[in-house]
Amino acid sequence: MNKEVVEFVENCEERLSGLFKQIDSVALKNQEKVLNSFKNNNVAARHFSGTNGYGYDDIGRDVLAKLFAEVLGGESAIVSPLMVSGTHALSTMLFGVLRPNDKFIAISGMPYDTLTDVILGKGVGSLSEYGIKFDKIDLLNDGQSVSFDKEKIKNALIQEPIRAVFIQRSRGYNWRNAISCSQIEDVCRFVKSISRDTIVIVDNCYGEFVEEVEPLNVGADVMAGSLIKNIGGGIAPTGGYIAGRKDLVDMCGYKLTAPSIGMEVGSYAFGYTQFYEGLFLAPSVVKNALKSCCLFSETYKALGYEVQPDCEQVRPYDIVTSIKFNDSQKLIDFIRSIQAISPVDSNLLLEPWDMPGYKHKVIMAAGTFVQGASIELSADAPIKEPWHIWRASTH
């Protein structure tokens with residue numbers, strides 16, 4: 001490695017030393033929380049064994065769900081390899097708790113790209129085709145900080161019954177910072193003060209273990225995420241989770257399987273060791289991902305690029321760093337460089353492609369041990385130019 005480059009990065013790292021200590025402190029407290037949950041639920045080697053067929057009395061599945069519920073601050077949880085992605089978990093949650101003629105509002109702007117067809121798609125069995133109404137309220141965004149537009153939220157809540165409000169904690173491909181749990185707590189209180197029965201739903205992808213608390217601890221009713229991001233620790237081979245109020249989680253279970261059986265069934269013959277171990281290691285893995293996020297931000301800021309989060313101004317509340325590029329080739333070259341230093345498939349030359357669920361071509365570096373995992377070093381971006389600015393995210 002070039003000596004000047006090493007010194008440059010080390011200087012950037014030194015400027016982050018105070019923030020790194022904060023991240024270490026959060027990780028230690030989250031690790032204690034996870035360890036206590038393992039002890040409280042008497043996790044034993046027998047829980048790692050798989051089952052087949054219907055999976056009745058699958059103690060490994062059931063105890064894993066109890067662990068997630070306790071760690072995430074919920075009454076109940078579903079943790080299942082039957083959910084193929086975070087989008088699947090979120091879709092299951094939305095279809096589980098919403099009913100025809102219900103209306104829900106995304107109060108953090110339009111949800112992530114892969115949920116567009118889930119909500120509004122034509123001929124695909126979307127929420128809109130089942131008579132579920134949708135609207136969105138954009139965040140107030142000054143470029144460095146975001147806040148909820150309470151005036152518009154209040155007007156929406158008093159005009160007609162709103163079954164649920166939806167919050168996307170992470171930024172996705174939007175040029176904004178992630179939403180903190182303190183902001184979620186504040187808006188939960190605000191929503192409930194106007195409409196007590198309105199459900200608060202959270203997309204928690206990329207947010208687990210970033211703070212000492214989770215959205216369920218601060219007033220959210222139900223949330224979902226992917227096991228191949230933060231909470232799987234880079235080890236879980238597949239799957240997603242839903243956690244929150246028991247009545248709502250039960251409704252999601254009826255959607256995942258069938259209304260007559262819910263989560264009484266569901267086998268996984270390969271066993272659950274990787275899911276348990278991934279959860280146990282996740283606080284440490286997320287800690288390292290956060291430090292990488294901050295270091296990417298600091299180094300590219302020093303090189304003259306606009307980045308989010310600017311760690312001198314805003315603490316990171318997800319594991320994503322966004323970097324603005326002025327042309328598509330710079331973006332593609334950056335993402336190709338991430339692939340080239342990855343431990344898996346480093347020899348590949350990446351090209352943008354029509355990735356399922358996205359409206360634009362996407363280029364994605366993912367030299368990961370779990371295909372598509374976003375907790376290891378990776379980078380991705382859609383090939384589109386809002387405001388003639390290109391961006392990439394690194395985890």
Highest mean packing first, using Cβ neighbours within 10 angstrom, the peptides 14-20, 361-367 sort as 361-367, 14-20
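What does the charge count around S49 come to, taking other residues whose C-beta lies under 11 Å from its C-beta (Lys +1, Arg +1, Asp -1, Glu -1)?
Numbers: positive: R46, R61; negative: D58.
Within the 11 Å Cβ shell, the charges total +1.
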From Cα pairs below 8 angstrom and at least 6 apart in sequence, can you work out the relative contact order of the range 286-376, rounded to a whole percent?
21 percent
Max mean-square fluctuation residue, GNM over the chain, Cα-Cα springs under 10 Å, options I107, I261, I332:
I261
Candidates G172, G125, G266; GNM for the chain (alpha-carbon contacts under 10 Å) flags as most fluctuating G125
Label point 7 Å beyond Cα of E32 along Cβ direction - residues of the range 50-85 with amide nitrogen under 19 Å
70-73
Looking at the range 47-277, I'd like the Rg to Rh ratio, where Rg is from alpha-carbon atoms and Rh is Kirkwood's inverse mean 1/r.
0.96
Counting only residues 5 or more places away or on other chains, whose amide H sits under 5 Å from the amide H of Y206 once H atoms are built in the peptide plane?
S226, N230
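Using a simple charge model, +1 on the beta-carbon of Lys and Arg, -1 on the beta-carbon of Asp and Glu, nothing else, what dipole does the range 237-343 show about its Cα centre, in debye to the nearest 20? Walk me through the numbers on the way to the answer.
Details: 10 positive and 11 negative charges, 9 e Å.
With only Lys, Arg, Asp and Glu charged at Cβ, the dipole is about 40 debye.
Under the definition of Cα pairs under 8 Å and six or more residues apart, what whole-number percent is the relative contact order of the range 47-277?
Numbers: 485 pairs, mean separation 73.0, N = 231.
About 32 percent, as a whole number.
Could you work out the relative contact order of the chain, using alpha carbon pairs under 8 angstrom and six or more residues apart, expressed as a whole percent?
On the way: 826 pairs, mean separation 75.8, N = 395.
With pairs under 8 Å counted, the relative contact order is 19 percent.
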Among S80, N40, G53, the residue whose Cα sits farthest towards the positive end of the charge dipole of the range 28-92, when +1 is placed on the Cβ of each Lys and Arg and -1 on the Cβ of each Asp and Glu, is N40
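Across all directions of projection, what mean area in square nanometres is found for the Cα convex hull of the range 64-177?
Numbers: hull surface 34.1 nm².
Averaged projected area of the range 64-177's Cα convex hull equals 8.5 nm².
For the ranges 229-241, 335-347, what's the packing order if you count other beta-carbon atoms within 10 Å of each residue, average per peptide, and put the highest first? Don't skip to the answer; put the middle values down first.
Values: 229-241: 26.1, 335-347: 15.1.
Ranked by mean Cβ neighbours within 10 Å, highest first: 229-241, 335-347.
As a test of the formula, what do you get for the chain when each DSSP H run with n ≥ 4 contributes -39,500 (n - 2.57) and the sum is divided by the residue count, at 222 nm and rounded to the nearest 500 deg cm²/dmol?
Numbers: 10 runs with 146 residues, N = 395.
Rounded to the nearest 500, it is -12000 deg cm²/dmol.
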Here Rg/Rh (Cα, Kirkwood) for the range 29-105 equals 1.05
Arrange the following residues from fewest to most other Cβ atoms within 10 Å of their Cβ: R169, R196, R176.
R196, R176, R169
Quick one: putting +1 on the C-beta of Lys and Arg, -1 on the C-beta of Asp and Glu, what dipole do you get for the chain around its Cα centre, in Debye to the nearest 20?
580 debye
Could you list T92, T51 so that the one with the fewest beta carbons within 10 Å of its beta carbon is first and the one with the most is last?
T51, T92
Starting from the Cα of Y305, step 7 Å along the direction of its Cβ; do the same at K103; then give the gap between the two resulting points in nm.
4.2 nm
Coil-residue trypsin sites (Lys or Arg not before Pro) of the range 120-157, DSSP, other Cβ within 10 Å capped at 16:
K122
Mind checking which of A45, A220, A69 has the largest fluctuation in a GNM of the chain, springs on alpha carbons under 10 Å?
A45
Work out the P(r) tail for the chain: percent of alpha carbon pairs separated by more than 36 Å, whole number.
22 percent
note: the range 173-317, Cα-Cα separations exceeding 23 Å make up a percent value of 48 percent
Could you give the length gained by full extension between N326 and E185, i.e. 0.36 nm per residue of separation minus their alpha carbon distance, to one decimal place?
47.1 nm
As a percent rounded to 5, the proportion of antiparallel DSSP bridges among beta bridges in the chain is 60 percent
Zone of Y56's modelled label, taken as backbone nitrogen in the range 251-289 under 17 Å from a point 7 Å along Cα→Cβ:
258, 260-268
The answer for K133, listing residues at least 5 apart or on another chain whose modeled amide H is closer than 5 Å to its amide H, is N101, D102, K103, F104
With the dipole of the range 47-277 worked out from charges on the C-beta (+1 for Lys and Arg, -1 for Asp and Glu) around the Cα centre, which of A69, Q183, F134 lies farthest toward the positive end?
F134
So E7 and L140, fully extended at 0.36 nm per residue minus their Cα-Cα distance, gain in nm 44.1 nm
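Only the coordinates and a few stated rules stand behind these numbers; no lab work does. Worth saying up front: this structure is predicted, and the values here are computed from it rather than measured. Glycine also receives a Cβ, built like all others from the backbone with ideal geometry; neighbour counts cover every protein chain displayed.
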